[in-house]
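The values are calculated or read from the model by the stated rules, or taken from the named source; none is laboratory data. Source: prediction; values computed, not measured. Note: ideal-geometry Cβ built from the backbone for every residue, glycine included; neighbour counts use all protein chains shown.
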Amino acid sequence: QSALTQPASVSGSPGQSITISCTGTSGDVGLYNLVSWYQQEPGKVPKLIIYEVNRRPSGVSSRFSGSKSGSTASLTISGLQAEDQSDYYCFSYATTSPYVFGTGTRVTVL
Amino acid sequence: QVQLVESGGGVVQPGRSLRLSCAASGFTFSSYAMHWVRQAPDKGLEWVAVISDDGRHKDYVDSVKGRFTISRDDSENTLYLHMNRLSAEDTAVYYCARITTATAAFDSWGQGTLVFVSS
(Lines give C-alpha, C1' and ligand atoms only; values in the text may rest on other atoms or scores of the structure.)
Protein backbone atom coordinates (compact mmCIF):
# COMPACT_ATOMS: atom_id res chain seq x y z
CA GLN A 1 0.00 0.00 0.00
CA SER A 2 1.60 3.27 -1.09
CA ALA A 3 1.30 6.43 0.94
CA LEU A 4 -1.26 8.99 -0.11
CA THR A 5 0.35 11.79 -2.13
CA GLN A 6 0.65 15.26 -0.66
CA PRO A 7 2.72 18.25 -1.82
CA ALA A 8 5.97 18.44 0.13
CA SER A 9 5.45 22.08 0.98
CA VAL A 10 2.89 24.86 0.75
CA SER A 11 3.39 28.45 1.78
CA GLY A 12 1.28 31.54 2.18
CA SER A 13 1.22 34.97 3.73
CA PRO A 14 -0.70 35.78 6.89
CA GLY A 15 -4.40 36.18 6.14
CA GLN A 16 -4.29 34.16 2.95
CA SER A 17 -5.93 30.81 2.33
CA ILE A 18 -3.98 27.72 1.36
CA THR A 19 -5.09 24.27 0.30
CA ILE A 20 -3.25 20.99 0.78
CA SER A 21 -4.21 18.09 -1.48
CA CYS A 22 -4.14 14.41 -0.57
CA THR A 23 -4.39 12.09 -3.56
CA GLY A 24 -5.21 8.44 -3.14
CA THR A 25 -6.97 5.79 -5.14
CA SER A 26 -10.39 4.23 -5.63
CA GLY A 27 -9.45 1.82 -2.85
CA ASP A 28 -8.96 4.41 -0.12
CA VAL A 29 -9.78 8.13 -0.40
CA GLY A 30 -12.05 7.51 -3.36
CA LEU A 31 -14.00 4.75 -1.66
CA TYR A 32 -14.46 5.88 1.93
CA ASN A 33 -15.43 9.12 3.61
CA LEU A 34 -12.96 8.25 6.34
CA VAL A 35 -10.25 10.80 5.64
CA SER A 36 -8.74 12.61 8.59
CA TRP A 37 -6.10 15.32 8.87
CA TYR A 38 -3.43 15.83 11.54
CA GLN A 39 -1.33 18.85 12.44
CA GLN A 40 2.12 18.17 13.86
CA GLU A 41 4.30 20.94 15.19
CA PRO A 42 8.06 20.23 15.34
CA GLY A 43 8.83 17.82 18.16
CA LYS A 44 5.18 17.48 19.11
CA VAL A 45 2.53 14.79 18.94
CA PRO A 46 0.12 14.85 15.98
CA LYS A 47 -3.21 16.52 16.62
CA LEU A 48 -6.50 15.61 14.92
CA ILE A 49 -7.98 18.62 13.11
CA ILE A 50 -10.42 17.07 10.60
CA TYR A 51 -12.19 13.71 10.51
CA GLU A 52 -14.68 12.08 8.16
CA VAL A 53 -13.46 14.37 5.36
CA ASN A 54 -14.93 17.62 6.68
CA ARG A 55 -15.83 17.38 10.36
CA ARG A 56 -13.94 19.34 12.99
CA PRO A 57 -13.34 18.06 16.52
CA SER A 58 -14.43 20.32 19.33
CA GLY A 59 -11.88 23.04 19.94
CA VAL A 60 -10.37 23.08 16.46
CA SER A 61 -10.47 26.44 14.72
CA SER A 62 -13.12 26.95 12.05
CA ARG A 63 -10.32 28.22 9.83
CA PHE A 64 -9.59 24.56 9.07
CA SER A 65 -11.92 22.86 6.62
CA GLY A 66 -11.86 19.67 4.61
CA SER A 67 -13.38 18.41 1.39
CA LYS A 68 -13.10 15.57 -1.09
CA SER A 69 -13.54 15.11 -4.81
CA GLY A 70 -13.08 11.66 -6.27
CA SER A 71 -9.83 10.21 -4.94
CA THR A 72 -8.43 13.55 -3.76
CA ALA A 73 -9.09 15.04 -0.35
CA SER A 74 -8.17 18.59 0.53
CA LEU A 75 -7.46 20.60 3.65
CA THR A 76 -7.97 24.36 3.48
CA ILE A 77 -6.59 26.77 6.03
CA SER A 78 -8.28 30.14 5.84
CA GLY A 79 -6.93 33.34 7.33
CA LEU A 80 -3.45 31.83 7.65
CA GLN A 81 -1.72 32.61 10.94
CA ALA A 82 1.86 32.20 12.10
CA GLU A 83 0.74 29.48 14.51
CA ASP A 84 -0.42 27.35 11.56
CA GLN A 85 3.20 26.72 10.56
CA SER A 86 3.40 22.95 11.00
CA ASP A 87 3.46 19.66 9.18
CA TYR A 88 0.09 18.31 8.03
CA TYR A 89 -0.79 14.69 7.26
CA CYS A 90 -3.88 13.12 5.74
CA PHE A 91 -4.95 9.61 6.72
CA SER A 92 -7.46 7.22 5.25
CA TYR A 93 -9.00 3.85 5.75
CA ALA A 94 -8.12 1.60 2.82
CA THR A 95 -9.26 -1.72 1.46
CA THR A 96 -5.77 -3.19 1.35
CA SER A 97 -3.52 -1.74 4.04
CA PRO A 98 -6.06 -1.17 5.84
CA TYR A 99 -4.84 2.26 6.85
CA VAL A 100 -2.52 4.71 5.16
CA PHE A 101 -1.04 8.15 5.88
CA GLY A 102 -0.20 10.83 3.39
CA THR A 103 3.39 11.80 2.66
CA GLY A 104 3.04 14.99 4.66
CA THR A 105 3.08 18.70 3.83
CA ARG A 106 5.12 21.40 5.52
CA VAL A 107 3.22 24.66 5.73
CA THR A 108 5.30 27.81 5.89
CA VAL A 109 3.82 31.16 6.82
CA LEU A 110 5.79 33.82 4.98
CA GLN B 1 -8.82 12.60 30.77
CA VAL B 2 -7.55 10.17 28.17
CA GLN B 3 -3.90 9.31 28.69
CA LEU B 4 -1.61 7.03 26.71
CA VAL B 5 1.92 6.48 27.96
CA GLU B 6 4.41 4.49 25.92
CA SER B 7 7.52 2.84 27.29
CA GLY B 8 10.09 0.26 26.30
CA GLY B 9 12.02 2.14 23.64
CA GLY B 10 15.77 2.36 23.57
CA VAL B 11 18.89 1.42 21.64
CA VAL B 12 18.90 -2.12 20.25
CA GLN B 13 21.24 -4.00 17.94
CA PRO B 14 20.09 -5.11 14.49
CA GLY B 15 18.44 -8.51 14.57
CA ARG B 16 17.42 -8.22 18.21
CA SER B 17 13.95 -7.87 19.73
CA LEU B 18 12.15 -5.26 21.76
CA ARG B 19 8.72 -4.93 23.36
CA LEU B 20 6.93 -1.63 23.57
CA SER B 21 4.12 -0.97 26.03
CA CYS B 22 1.37 1.63 26.09
CA ALA B 23 -0.47 2.19 29.36
CA ALA B 24 -3.96 3.59 28.87
CA SER B 25 -6.13 5.45 31.34
CA GLY B 26 -9.10 7.77 31.44
CA PHE B 27 -11.34 5.71 29.18
CA THR B 28 -12.75 2.21 28.76
CA PHE B 29 -9.74 0.64 27.08
CA SER B 30 -11.54 -2.56 26.08
CA SER B 31 -14.03 -0.59 23.97
CA TYR B 32 -11.48 0.79 21.53
CA ALA B 33 -9.36 -0.51 18.71
CA MET B 34 -5.76 0.59 19.23
CA HIS B 35 -2.93 1.32 16.85
CA TRP B 36 0.78 1.81 16.64
CA VAL B 37 2.10 4.58 14.38
CA ARG B 38 5.77 5.34 13.86
CA GLN B 39 7.82 8.25 12.59
CA ALA B 40 11.42 7.84 11.48
CA PRO B 41 13.74 10.79 12.17
CA ASP B 42 12.76 13.74 9.97
CA LYS B 43 10.26 11.58 8.09
CA GLY B 44 6.49 11.31 7.88
CA LEU B 45 4.01 9.31 9.88
CA GLU B 46 3.62 5.63 9.05
CA TRP B 47 0.78 3.44 10.22
CA VAL B 48 2.21 0.21 11.69
CA ALA B 49 -0.42 -2.01 13.28
CA VAL B 50 -3.97 -2.27 14.61
CA ILE B 51 -5.73 -4.52 17.08
CA SER B 52 -9.49 -4.61 17.36
CA ASP B 53 -11.31 -3.81 20.58
CA ASP B 54 -11.84 -7.50 21.29
CA GLY B 55 -8.30 -8.43 20.33
CA ARG B 56 -9.43 -10.90 17.67
CA HIS B 57 -8.42 -8.92 14.63
CA LYS B 58 -4.93 -7.65 13.94
CA ASP B 59 -3.32 -6.15 10.88
CA TYR B 60 0.08 -4.76 9.98
CA VAL B 61 1.86 -2.67 7.39
CA ASP B 62 3.62 -4.98 4.94
CA SER B 63 7.12 -3.99 6.07
CA VAL B 64 6.61 -5.43 9.57
CA LYS B 65 4.40 -8.43 8.83
CA GLY B 66 5.95 -11.58 10.26
CA ARG B 67 8.27 -9.57 12.52
CA PHE B 68 5.99 -7.43 14.71
CA THR B 69 3.07 -8.60 16.86
CA ILE B 70 0.48 -6.32 18.39
CA SER B 71 -1.37 -7.46 21.49
CA ARG B 72 -3.38 -6.08 24.34
CA ASP B 73 -4.12 -6.89 27.98
CA ASP B 74 -7.46 -5.37 28.85
CA SER B 75 -7.07 -6.36 32.50
CA GLU B 76 -4.01 -4.10 32.66
CA ASN B 77 -5.28 -1.49 30.17
CA THR B 78 -2.08 -1.98 28.22
CA LEU B 79 -1.23 -2.23 24.54
CA TYR B 80 1.94 -3.97 23.38
CA LEU B 81 4.10 -4.16 20.29
CA HIS B 82 6.51 -7.05 20.14
CA MET B 83 9.22 -6.30 17.58
CA ASN B 84 11.55 -9.02 16.31
CA ARG B 85 14.43 -9.02 13.83
CA LEU B 86 14.82 -5.28 14.07
CA SER B 87 16.70 -3.38 11.39
CA ALA B 88 17.90 0.20 10.96
CA GLU B 89 14.74 0.90 8.96
CA ASP B 90 12.71 0.37 12.14
CA THR B 91 14.41 3.29 13.87
CA ALA B 92 11.59 5.68 14.74
CA VAL B 93 9.46 7.23 17.41
CA TYR B 94 6.61 4.82 18.05
CA TYR B 95 3.25 6.24 19.08
CA CYS B 96 0.27 4.36 20.37
CA ALA B 97 -3.00 5.91 19.35
CA ARG B 98 -6.67 5.42 20.03
CA ILE B 99 -9.02 5.29 17.10
CA THR B 100 -12.73 5.76 16.96
CA THR B 101 -13.78 2.96 14.63
CA ALA B 102 -16.78 4.78 13.20
CA THR B 103 -14.69 7.76 12.14
CA ALA B 104 -11.35 5.98 11.54
CA ALA B 105 -9.62 8.93 13.16
CA PHE B 106 -6.99 9.02 15.90
CA ASP B 107 -8.40 11.17 18.65
CA SER B 108 -5.73 10.47 21.25
CA TRP B 109 -1.98 9.87 20.98
CA GLY B 110 0.75 8.97 23.41
CA GLN B 111 3.91 11.04 23.64
CA GLY B 112 5.92 8.39 21.77
CA THR B 113 8.91 6.23 22.58
CA LEU B 114 12.11 6.20 20.53
CA VAL B 115 13.48 2.97 19.14
CA PHE B 116 17.02 3.28 17.77
CA VAL B 117 18.41 0.28 15.96
CA SER B 118 22.18 0.44 15.72
CA SER B 119 25.20 -1.76 16.20
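Restricting the search to the range B:57-68, which residues are assigned to a strand (DSSP E or B), facing chain A (nearest Cβ under 10 Å) and buried (at least 17 other Cβ atoms within 10 Å of the Cβ)?
Answer for the range B:57-68, where residues must be assigned to a strand (DSSP E or B), facing chain A (nearest Cβ under 10 Å) and buried (at least 17 other Cβ atoms within 10 Å of the Cβ): just B:60.
If you take the residues in the range B:69-88 that are in contact with a Leu (Cβ under 7 Å, 6 or more places away or on another chain) and closer than 18 Å to residue B:115 by Cα, which one is nearest to the other protein chains (Cβ to nearest Cβ)?
Here is the first cut: in the range B:69-88, the ones in contact with a Leu (Cβ under 7 Å, 6 or more places away or on another chain) are B:70, B:72, B:80-81, B:83, B:86.
From what's left, closer than 18 Å to residue B:115 by Cα: B:70, B:80-81, B:83, B:86.
On the way: B:70: 13, B:80: 19, B:81: 15, B:83: 19, B:86: 21 Å.
Selected residue: B:70.
Find the residue count for the range A:47-57, including only residues that are at the interface with another protein chain (Cβ under 9 Å from one of its Cβ atoms) and more than 17 Å from residue B:36 (Cα to Cα).
Residues that pass the stated criteria total 5.
Mind checking which residues of the range B:89-119 are of a type in the set (Ser, Thr, Tyr) and at the interface with chain A (Cβ under 9 Å from one of its Cβ atoms)?
B:95, B:100, B:103, B:108, listed by residue number.
Select, from B:93, B:50, B:64, the only residue that is in contact with a His (Cβ under 9 Å, 6 or more places away or on another chain) and not acidic (Asp, Glu).
Criteria check complete, one pass: B:50.
Which of the strands (runs of 3 or more DSSP E) found entirely inside the range B:75-116 contain at least 1 residues meeting this: at pLDDT below 95 and either out of contact with any helix residue (DSSP H, G or I) (no Cβ under 6 Å at 6 or more places or on another chain) or more than 24 Å from residue A:93 (Cβ to Cβ) (or both)?
Because the criterion is at least 1 residues that are at pLDDT below 95 and either out of contact with any helix residue (DSSP H, G or I) (no Cβ under 6 Å at 6 or more places or on another chain) or more than 24 Å from residue A:93 (Cβ to Cβ) (or both), the strands (runs of 3 or more DSSP E) in the range B:75-116 that meet it are B:92-100, B:105-109.
Go through the range A:1-49 and tell me which strands (runs of 3 or more DSSP E), entirely inside it, have 1 or more residues that are farther than 14 Å from residue A:91 by Cβ and not hydrophobic (A, V, I, L, M, F, W, C). So that I can check it myself, show each step before the final result.
Details: elements: A:9-12, A:18-23, A:35-40.
In the range A:1-49, A:9-12, A:18-23 are the strands (runs of 3 or more DSSP E) which contain 1 or more residues that are farther than 14 Å from residue A:91 by Cβ and not hydrophobic (A, V, I, L, M, F, W, C).
If you scan the range A:56-67, which residues turn out to be surrounded by fewer than 22 Cβ atoms within 10 Å (Cβ to Cβ) and either within 11 Å of the chain's Cα centre (by Cα) or not charged (D, E, K, R) (or both)?
If the condition is that a residue be surrounded by fewer than 22 Cβ atoms within 10 Å (Cβ to Cβ) and either within 11 Å of the chain's Cα centre (by Cα) or not charged (D, E, K, R) (or both), then A:57, A:58, A:59, A:60, A:61, A:62, A:64, A:65, A:67 are the ones that fit.
Residues being more than 7 Å from chain B (Cβ to nearest Cβ) and among the aromatic types (Phe, Trp, Tyr): count how many of those fall in the range A:76-92.
The total comes to 2.
Before we move on, is residue A:95 within 14 Å of chain B (Cβ to nearest Cβ), surrounded by fewer than 16 Cβ atoms within 10 Å (Cβ to Cβ) and touching a residue at least 40 places away in the same chain (Cβ under 8 Å)?
Yes; evaluated as a whole, the condition is true for this residue.
Exactly one condition in (1) within 11 Å of chain B (Cβ to nearest Cβ); (2) surrounded by fewer than 17 Cβ atoms within 10 Å (Cβ to Cβ); (3) at pLDDT below 95 is not met by residue A:44; state its number.
(3)
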